[in-house]
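These notes concern the structure reproduced below.
The values are calculated or read from the model by the stated rules, or taken from the named source; none is laboratory data. The structure displayed is predicted, hence computed values, not measured ones. Note that each Cβ is placed from the backbone with ideal geometry, even for glycine, and that neighbours are counted across all protein chains shown. Just the protein is used for accessible areas: all its heavy atoms, side chains included, with ligands, DNA and RNA removed. Shrake-Rupley method; radii C 1.70, N 1.55, O 1.52, S 1.80 Å.
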Amino acid sequence: MNGLLRFFMGVFAFVTLLVSTGAILTITNTYPVFEEIIAQGQDFFWVLIGVFSFLILLSFILFVASVISRGHVGLFRSATELGEIAISQETIEATILKSARKLDGIRSLEVHSRMKNDGKSVLVDLTYSPFGTKPVQKNATALQDVVKHDLESWLEVHVAEVRVFVRPQTTSASKKQRVV
């Protein structure tokens, strides 16, 4: 849940707490909160209308956010006879990084994985900078094979696609290049 939605929920909870407390006090004839506010004059009446309008707006925002939210995004779910197994996106990406460390010639690897719309397979995007003498095409193909094999054998997650993007090596200006 993002920070803005948490803020709205906090404000909504606080204002709802105040209004509910006032309503309970008024209903039980302990203290007539709303009658006191209305008795103050027309200005306070509009303040009360504004507070209730604000509550209605926040309720609408939270309702829409709850309908739109996807729940457990980033979880690969697999049904078994005994229940359900859920593998997090972080686990999938950590496994990919572990698999990629087996290969030489890969530097600055970035991993992005996402669930396919059917929820039964994973799409993987890998970006790296090559180094060393190993041919780039062979290295990229080996990376695809290793990642697909390891995810499917270790985590039993079907891999729909492994895309590899090779970016040029960036040399730092502070490091001097040595010519031999």
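Considering each of 125, 145 in turn, give the residue that is open to solvent by less than 30 Å² (accessible area, probe 1.4 Å), charged (D, E, K, R) and modelled with pLDDT of 85 or more.
Only one candidate passes the filter, namely 125.
Pick from the stretch 76-108 the residues that are hydrophobic (A, V, I, L, M, F, W, C) and open to solvent by 40 Å² or more (accessible area, probe 1.4 Å): which of them is nearest to residue 147 (Cα to Cα)?
Applying the filter and picking the extreme gives 97.
How many residues does the stretch 24-43 contain that are under 30 Å from residue 5 (Cα atoms) and loosely packed, with under 14 Cβ neighbours inside 10 Å?
1
Only one of (1) closer than 30 Å to residue 142 by Cα; (2) under 16 Å from the mean Cα position of the chain (by Cα); (3) basic (Lys, Arg) fails for residue 98. Which number is that?
(2)
Please tell me if residue 176 is in contact with a helix residue (DSSP H, G or I) (Cβ under 9 Å, 6 or more places away or on another chain), farther than 30 Å from residue 79 by Cα and modelled with pLDDT under 90.
no
Pairs needed: first member in the stretch 152-180, closer than 25 Å to residue 115 by Cβ and open to solvent by 60 Å² or more (accessible area, probe 1.4 Å); second member anywhere, of a type in the set (Val, Ile, Thr) and at pLDDT below 85; C-beta distance under 9 Å; at least 6 residues apart or different chains.
That search, which allows pairs on different chains as well, returns 156/85; 156/87.
Condition check ((1) in contact (Cβ under 8 Å) with a residue 40 or more places away in the chain; (2) β-branched (Val, Ile, Thr); (3) more than 30 Å from residue 115 (Cβ to Cβ)) across all residues:
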position	(1), (2), (3)
6	no, no, no
18	no, no, yes
26	no, yes, yes
33	no, yes, yes
37	no, yes, yes
45	no, no, yes
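Among the residues in the stretch 49-56, are any closer than 30 Å to residue 120 by Cα, touching a residue at least 24 places away in the same chain (Cβ under 8 Å) and within 28 Å of the chain's Cα centre (by Cα)?
no
With the requirement that a residue be closer than 20 Å to residue 89 by Cβ and of a type in the set (A, V, I, L, M, F, W, C), what does the stretch 136-165 give you?
Within the stretch 136-165, 143, 146, 147, 151, 154, 155, 157, 159, 160, 162, 164, 165 qualify.
Tell me, please, whether a residue that is hydrophobic (A, V, I, L, M, F, W, C), in a loop (DSSP other than H, G, I, E, B) and in contact (Cβ under 8 Å) with a residue 24 or more places away in the chain can be found in the stretch 102-114.
Yes, the stretch 102-114 contains at least one residue that is hydrophobic (A, V, I, L, M, F, W, C), in a loop (DSSP other than H, G, I, E, B) and in contact (Cβ under 8 Å) with a residue 24 or more places away in the chain.
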